[in-house]
Structures are given as C-alpha cells and as structure tokens.
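**Q** This is the structure, below, for whatever I ask next.
The values are calculated or read from the model by the stated rules, or taken from the named source; none is laboratory data. No experiment lies behind these values; they were computed from the predicted model shown. Glycine gets a Cβ as well: all are built from the backbone with ideal geometry, and neighbour counts include every protein chain shown. Quick note on the areas: whole protein, heavy atoms, side chains included, nothing else; ligands and nucleic acids left out. Shrake-Rupley method; radii C 1.70, N 1.55, O 1.52, S 1.80 Å.
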Amino acid sequence: MKVLVFLALVGIALGLDCDMEEVDSVRSAASTVTDYIMGNCRPNNAAFSVLLNSDSCVALFNAGKCYYDNALDHYTLDDNAPVTYGVLRDDVDNLKDLGNVLCVNVEDCYTPIKNAVLACNAADADFRGNVIAKVQELYEVYVPDAQTYADENQDNVMGTLLQIALSRFTSVDQAITMFQEYTQGTSVDEAETAAAAIKLAASNFCTSGCVDSSAAFIKKLFNHLHKAASCPNAQTFCGGCENKAAQFMRRKENIPCCLRTVLDAAIEGSTMVQAKYASEIARITAYIEEEFDGKQALLDEIKATKNFVLGQVACLQSVYDGSPNQCA
C-alpha cells in the first residue's frame, strides 16, 4: 500500500501522462484558498492546508487530477464520433487504478480534516459564520463571469439553469437555507447512520479486492458489447446493447458478489431517497418549470432528456434483475 501512495504522490500510479508541474500548481492554489476560507482554524497551530498536503491527500489529489486531465483527452473524439463501449473499455484500467488509490488513501485523508473542522467549530462560536463570509467573498468574485455566460446563453438549457441559480441564490446563506429547508425531515442520527453504512460498504468493497474483480468483469462486458454490431453507441443501452449485456451475463460471466452488494445498496438507497423526498423533488420540478415560462422548447428538451435517461435506467435495471445471482 505504501508503494501505491508513493506512486500516486509522483503522479504515476495510474499509468497516465501527467503534467506534474501543473498538478502541483493547482494543488498549491487550492491550499491557498482553503487557508483563506478556514481563517483562524489552525490544527496543531499550523495552517489548515497542512492537512491537505498530507501524503494521503496529495496522493488523492494527484491521482484525481491526472485521471481528469487524461479523461478529457480520452473522451474528446474526432468529428463528434460517438462514445462506444470500446472507448469505455479502454478507460476501465485507469478507473481501476484510481479506485485502488482511493481505497488506500480516502480514510487517512478525510478523518483528520473532519476532526479538525469539528474541533474548530466547537472551539469558536463564530467559525461557521466566518467560513460562510469568506465563501461569500469568493462567490462574488465569480458571479460576473457566470452572469455573462448566462446572458450569452439564454437560448439553451445550461444558460437558463445558470440564470435561475443566480437569481435564486444571491448569497451563500440563501443556498444553505434552501438546503436546510429541503432536508429538514432528515435527522442528524439518520444522516450519521447513512454515512456509517456508506463507509462500511466502501471499506468492504476495498478490503475484499472488489475494485480489481469489478474492473475485470466490467472490462469483459464492455468488450463483449463493443464487438456487437447491434451496439454501436454507448449512449443508448436499450435494445441491442441491452440484449447483448443480458446474453453476456447469462452465458459468460456472473456479476461479482461484492459488486452486486454495492449495486443492491445503491438501488435501495436511491429508492428510499425518491420516496422520502418525493414532495421536495416535486417542488423543485415545479419551480424549474415555472422559471422556464416562455421557453417551452427548452423545457421540452429537458423533459425529453429526462425520459430518455429514465428509459435507459429501466433497461439497465431489467438486465440486472434478470442476471443470474449466485450470491444469495
């Protein structure tokens, strides 16, 4: 594991070409901004960024930034060519390596930061207010650029959504207040229980070697789909890709049990969230539709995209539910 940390520190854990000078520059800028936001929160009388620059946090940042930069190139195809399952297959090993870096480092990076924030909040009654004020200052720096983009893109969905957000949230406090309103039915105990369950599932996923076994399964599946003439585009799963995926799982390979456990938990969690927050989701949907008044074509585009995505998810669910389960 220490070897993996070292490799991520120098940016080669993923086997990707990385501009480490740029990576270090971005991380340094992030540290400067963090110290500004955290103000007098100085764990062990040191700048807060010392925690961000621990070996584990640096390994996570380097691996994430390297993967992101290379993914931009990998998925930027010539002449608007479609993303095929061959393209996805060729990225699986990079995701596997990123996953292994996450497994080794997330806990060691996250826990000291969480403890430091909780300690600062307990020691200083003004801590939260001061942090929000600093974030507000940074928010205001970027508002003009965001407003310019929104003004120049009023005829598309993203520009309109950005304008809605800028109009709705003129301060960070407003965003926090809205979040609290929409989550007021969730108790602290419920949130802590959910967080503990996620942490346990992630730990089991990592310690069981599930990153490697899941990657091997997914790579074989994507390769099978890539070879199928009926599955030329990874954007549309229903139909040809759906049939080939079902065939693959019936005849060739079973979903690894550790991966199935994670998928079952994700499906259960998603179903619970949709049920628990159905009224809040409906309120947000109604608000967006109201804000798109006079832009029926854009609203129709959003609805069509939503329906398409839900259709693809239903096909994925059908294949998953129908796959052989030797894990029960």
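**Q** Working carefully through the options 319, 262, find the one that is open to solvent by less than 60 Å² (accessible area, probe 1.4 Å) and touching a Cys at 6+ places or on another chain (Cβ under 8 Å).
**A** 262
**Q** Then there's this: Applying the selection to segment 214-232, what residues are among the hydroxyl-bearing types (Ser, Thr, Tyr) and exposed (fewer than 15 other Cβ atoms within 10 Å of the Cβ)?
**A** If the condition is that a residue be among the hydroxyl-bearing types (Ser, Thr, Tyr) and exposed (fewer than 15 other Cβ atoms within 10 Å of the Cβ), then 230 is the only one that fits.
**Q** What residue, among those in segment 279-310 that are of a type in the set (Val, Ile, Thr) and at pLDDT 90 or above, is least open to solvent (accessible area, probe 1.4 Å)?
**A** So in segment 279-310, the residues of a type in the set (Val, Ile, Thr) come out as 281, 284-285, 288, 302, 305, 309.
After this cut, where a residue has to be at pLDDT 90 or above as well, the list is 302, 305, 309.
Details: 302: 52, 305: 77, 309: 74 Å².
Checked segment 279-310; the qualifying residue least open to solvent (accessible area, probe 1.4 Å) is 302.
**Q** Here is a follow-up. Within segment 72-92, can you find the residues that are charged (D, E, K, R), open to solvent by 60 Å² or more (accessible area, probe 1.4 Å) and part of a helix (DSSP H, G or I)?
**A** We begin by selecting, within segment 72-92, every residue charged (D, E, K, R); these are 73, 78-79, 89-91.
Next, from what is left, pick out any that are open to solvent by 60 Å² or more (accessible area, probe 1.4 Å): 73, 78-79, 90.
Hits for segment 72-92 are 73, 78, 79.
**Q** While we're looking at this one, here's another question. Which residue pairs have Cβ atoms under 6 Å apart, sit 6 or more places apart or on different chains, and have a first residue in segment 185-209 that is open to solvent by 60 Å² or more (accessible area, probe 1.4 Å) and a second that is modelled with pLDDT of 75 or more and in a helix (DSSP H, G or I)?
**A** If the second residue must be modelled with pLDDT of 75 or more and in a helix (DSSP H, G or I), the pairs left are 208/258.
**Q** Can you tell me how many residues in segment 49-62 are farther than 23 Å from residue 95 by Cα and either open to solvent by less than 10 Å² (accessible area, probe 1.4 Å) or in contact with a Leu (Cβ under 7 Å, 6 or more places away or on another chain) (or both)?
**A** 0
**Q** Can you run down the residue pairs with Cβ atoms below 8 Å, 6 or more apart or on separate chains, where the first is in segment 312-328 and under 19 Å from residue 236 (Cα atoms) and the partner is of a type in the set (Phe, Trp, Tyr) and open to solvent by less than 60 Å² (accessible area, probe 1.4 Å)?
**A** Between residues of segment 312-328 that are under 19 Å from residue 236 (Cα atoms) and residues that are of a type in the set (Phe, Trp, Tyr) and open to solvent by less than 60 Å² (accessible area, probe 1.4 Å), the close pairs are 312/237; 315/237; 316/237.
**Q** Which one is modelled with the lowest pLDDT among residues in segment 147-184 that are open to solvent by 80 Å² or more (accessible area, probe 1.4 Å) and of a type in the set (Ser, Thr, Tyr)?
**A** Only one residue tops the list, namely 170.
**Q** Then there is this: Which numbered condition in (1) modelled with pLDDT under 95; (2) surrounded by fewer than 16 Cβ atoms within 10 Å (Cβ to Cβ) is the only one that residue 69 fails?
**A** (2)
**Q** Mind checking which residues of segment 135-184 are outside any helix (DSSP H, G or I) and of a type in the set (S, T, N, Q)?
**A** 153, 154, 156, 170, 171, 183, 184
**Q** Please count how many residues of segment 125-150 are out of contact with any helix residue (DSSP H, G or I) (no Cβ under 8 Å at 6 or more places or on another chain) and among the charged types (D, E, K, R). I'd like the intermediate steps shown before the answer.
**A** Step one: of segment 125-150, the residues out of contact with any helix residue (DSSP H, G or I) (no Cβ under 8 Å at 6 or more places or on another chain) are 125-126, 129-130, 133, 137, 140-142, 144-145, 148.
Going one step further and asking which of them are among the charged types (D, E, K, R), we end up with 126, 137, 140, 145.
Within segment 125-150, residues that are out of contact with any helix residue (DSSP H, G or I) (no Cβ under 8 Å at 6 or more places or on another chain) and among the charged types (D, E, K, R) number 4.
**Q** Still on this structure: When you look at residue 112, is it exposed (fewer than 14 other Cβ atoms within 10 Å of the Cβ) and either free of Cβ contacts under 8 Å to residues at least 24 places away in the same chain or farther than 30 Å from residue 305 by Cα (or both), yes or no?
**A** Here the answer is no, as residue 112 does not meet what is asked.
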